[in-house]
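What follows is a short report on a single structure.
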Amino acid sequence: MHIHCKRAYEAATATDGQRFLVDRLWPRGISHARLQAQWLKEVAPSDALRHWFDHRAERWAAFRQRYWRELAAQPRRLAPLRDALDAGPVTLVYGARDTLHNQAVALRDYLLAHPRRTA
């Protein structure tokens, strides 16, 4: 499973595979054409969690744990990402400045820790 995380302000590349914006809000100053990503707003953290986290690194561990609980409660929302991962590499696109403490990183870690179950 190849999952990349990339800021919305970085150019898309051929190695990105399928690109998904995983923010609840569209990144400022970026056009849909430039982003070249499908918007999966429903997999982003809830507004309440997003506001609480406020991109504060000291809240990262708690944010990650809370976000994972949100993801586990709504597994069907991850279907487009899981389907894309079955087909090849995926890039999770985000708008945050912090490249280590953001929802795309937490989502990537969740997907790696909880692969699709096959029947």
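The values are calculated or read from the model by the stated rules, or taken from the named source; none is laboratory data. Every value quoted in this text rests on a predicted model; they were computed, and no experiment measured them. Cβ sites come from the backbone with ideal geometry, for glycine too, and all protein chains shown count toward neighbours.
Here's a check for you: in region 1-16, which residue that is out of contact with any Leu (no Cβ under 9 Å at 6 or more places or on another chain) and not in a helix (DSSP H, G or I) is surrounded by the fewest Cβ atoms within 10 Å (Cβ to Cβ)?
Ranking the candidates gives A11 first.
Within region 49-99, how many residues turn out to be of a type outside the set (G, A, S), in contact (Cβ under 8 Å) with a residue 60 or more places away in the chain and in contact with an Asp or Glu (Cβ under 6 Å, 6 or more places away or on another chain)?
2
Quick one: which helices (runs of 4 or more DSSP H) sit completely within region 18-119 and have at least 1 residues that are among the polar types (S, T, N, Q) and modelled with pLDDT of 95 or more?
Hits in region 18-119: 60-73, 103-113.
In the set S31, S46, which member is polar (S, T, N, Q), exposed (fewer than 14 other Cβ atoms within 10 Å of the Cβ), farther than 15 Å from A84 by Cβ and touching a residue at least 12 places away in the same chain (Cβ under 8 Å)?
S46
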